[in-house]
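Here's the structure, in structure tokens; my notes come after.
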Amino acid sequence: MDQNPLIQIKNISKQYKGATFLSLDNVNLEIKSGEVYGLLGPNGAGKTTLISILCGLIKPSSGDVSIFGKDLKQETKEIQKEIGVVPQEYALYPKLTARENLFYFGSMFGMTKAQLKPIISSHLEALGLLPFADKKIKTFSGGMKRRVNLIAGILHDPKLLFLDEPTVGVDVQSKQAITTKLKELNDVGTTIIYTSHHLREAQDLCSLVGIIDSGKIIAENTPAKLISETKDARNLEDVFIELTGRELRDYA
Amino acid sequence: MHRFLASIKKEFLLLLRDPGGLVILFIMPIILVITITLIQDATFKSVSSNSIDILLVDKDQGKLSNEIQKSFSDIEFLDPISKIGETPLTEETAKQLVAAGEYQLAVVIPEGLSIELQKQIDKNITKILEEFEGTEDSLKVPPINEKVPSNKVVKLYFDPITQETFRSSVIFAVDKLVASIETRSIYEAFEKELGESESLKSFNRDNFVKYDQINPSLSGKSVLPNSVQHNIPAWTLFAIFFMILPLSLNLVHEKGQGTFIRLQTTPAKYGTIIAGKAFLFLLVSLLQFTLILLLGIFVFPKLGLPVLDLGDHLGLLYLVALSSGLAAIGLGILLGTVFNSHEQAAPFGAVLVVLLAAIGGVWVPVFAMPDTMQMIAKVSPMNWGLEAFYDCFLRKGSLKDILPEIGLLIVFFISTIVIAILYYEKKKTV
């Protein structure tokens, strides 16, 4: 594993316009190349805000981020060439086929049709979707949409992949197919930043876990160490409850 | 370029697979143009086949009322009715029928109108002739000592739904009719008083001042305005600007279905993403325009409407359509960028298009608007487009004539796109 930090986050804070609280409160984080980093936290903890900043979707109120050694504020588009994003929503056009969706999103990374054709077929085959390549997305099941959603984020072979709850609402088979693909990607050097509420899945997949609550990183370590360092904890869920409490986290 | 072409292809496929969107963009404008042109056709025709039944109550039963009745029958857009079945109309019946909306107008000729008018004329002539007394013995007439007749009122009952333009036309026609009858009566009274002299026979009773309708054009060629020449530009423009709605909703849907988030995380710039949409919708606006022109040329004559006259500068017409399309696209993209939900964008976009059409003079000509509204109309992009279309269709203008409006439309497009991009960038920091 490459030990150089791929992402350096320094004193990042974010307060949305009109909000009375900080969504991110002076966050400092370093993620090294080759990690599968699980960003875990209750609803409203700041996971999506942090991922959105790292993807260039929103700007922080203060602080600095560097990715691949480049300043995110100054070189957003350059950085975006090397990152892939798999949003929580099915970010696909329902009236286009799987192949049409993938051609379009691939071309947004500057890839030509000739480059995309074999890559799309290969990914579709790997995730069991080749027979459905020319069917419209609106006819797909939730699990199939999730798999196409993942492919759309990795077509350009990104060095860094962000996934926001990539397995939410899918069946066991689709979940396995997705996590297997993620492991394969990581094996060939892709750094993965991943948020999920499936703590068992995170425990199996992540090399490093950061637990975020109220906009602050409250714990960070390997899943095994977090479990061993927490009293009476048998798994990551016990650690999570111990650190964030049992109180419901409804917010509006 | 590669991203731009991919965006166009994607937008094309999405539009092709959206039957509702295709209906809004292509079928609705055609229905709109046909309907409005058919409705408005009668108002543009010099000889209308659509005469309006009016009630005529003759309380006078004299020579004058007979002439009024006859003259009303000669007015091209009025068809007088003086009996319901075999019963002659009374004022009360006529009033009730108009109040019930069964007829739009009732004309009541007052009792004794013929006699009183004749008395008035006789009195005036006597007065005039008295001025000649002493200078011309033969013109001497005995003085009349009768009471001065009071003014007579012809009552016009209008259905409240009738528009001011209809009322004005009727009042003008009645006024002209009565004035003409009065003049003729004066001539006749003079003849009666002065005898059958040869000099009187040479009186010319025709109107000395006549008028001729001329429609000057910028090119000097004669142009005959008709419903087609007026409505095609106005409603084509409305259809082009109606594109604001599907375009802004297209952007809002992108945000809602998450594809916009994905696009934002790619190296593609916002300008590239919207350029694909803008280009496709520009093609749509030109296609809409072409369809409506073809409609005017080939379908309208089959519906009994005048054929559309394209003039000599088809290129200019397309230039106006292109500039108007760009202005509409700019506004659509701005709305789609600012709004986040269908609930915000749909009603706002629809109302905005209707407002722009009203302000721009699509329904009521700008010259007929109050001063303040005329000022507002001058800053409405739909008015710029409409004026440019009128310059081409009705005034037969050249490129030089439409250049100011074209320029404004393009500046409007650039401004809205720049604002949309700045807003998009600003939104990232909130």
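A few points about this structure:
- Simple Cβ-charge dipole of segment A:80-162, Lys/Arg +1 and Asp/Glu -1, about Cα centre, in debye nearest 20: 220
- Per-residue Karplus couplings for segment B:308-324, computed as 6.51 cos²θ - 1.76 cosθ + 1.60 with θ equal to phi - 60°, are listed in order as 6, 9, 7, x, 9, 10, 4, x, 5, 4, 5, 5, 5, 4, 5, 5, 5 Hz, Gly and Pro entered as x.
- Amide H within-cut-off set for B:K59, under 5 Å, with H built and near neighbours excluded: B:I109
- Using 0.36 nm per residue and subtracting the Cα-Cα separation, the extra length available between A:A19 and A:S62 on full extension is 13.9 nm.
- Note on chain A: with a GNM built from Cα contacts shorter than 10 Å, the maximum mean-square fluctuation among A:D187, A:D157, A:D232 falls on A:D232.
- Dipole axis of segment A:1-102 (+1 Lys, Arg; -1 Asp, Glu on Cβ), positive-most option in A:V85, A:G69, A:G44: A:G44
- Prolate/oblate/rounded label for segment A:1-143 (Cα gyration tensor, a/c 1.5): prolate
- Integer Hz, Karplus 6.51/-1.76/1.60 couplings in order for segment B:364-374, x for Gly and Pro: 10, x, 4, 5, 8, 8, x, 3, 4, 5, 5
- Each residue of segment A:73-78 was assigned a 3J(HN,Hα) from its phi angle through the Karplus expression (A = 6.51, B = -1.76, C = 1.60, θ = phi - 60°), giving 5, 7, 10, 4, 5, 5 Hz with x at Gly and Pro.
- Under-5 Å amide H pairs with A:I212, H placed in peptide plane, nonlocal only: A:L40, A:G41, A:I218
- Distant-in-sequence amide H partners of A:I193 (H built 1.01 Å from N, under 5 Å): A:Y37, A:L161, A:F162, A:L163
- Placing dummy labels 7 Å off each Cα toward the beta-carbon, the span from A:K117 to A:A133 is 1.0 nm.
- Debye, to nearest 20: dipole size of the protein assembly as shown, +1 on Lys, Arg Cβ, -1 on Asp, Glu Cβ: 3280
- Trypsin sites (Lys or Arg not before Pro) within segment A:183-252: DSSP coil, no more than 15 neighbouring Cβ in 10 Å: A:K231, A:R234, A:R246, A:R249
- Global form of chain A, assessed from the alpha-carbon gyration tensor, a/c cut-off 1.5: prolate
- Overall form of the protein assembly as shown per C-alpha gyration tensor (a/c, 1.5; a/b vs b/c): prolate
- Where a label projected 7 Å from the Cα of A:V188 along Cα→Cβ would reach, residues of segment A:97-116 with amide N under 20 Å: A:99, A:102-116
Readers should treat all values here as calculations from the given coordinates under stated rules, not as data from a laboratory. These figures come from a predicted structure and were not determined experimentally. Cβ atoms come from the backbone with ideal geometry, glycine included; neighbour counts cover every protein chain shown.
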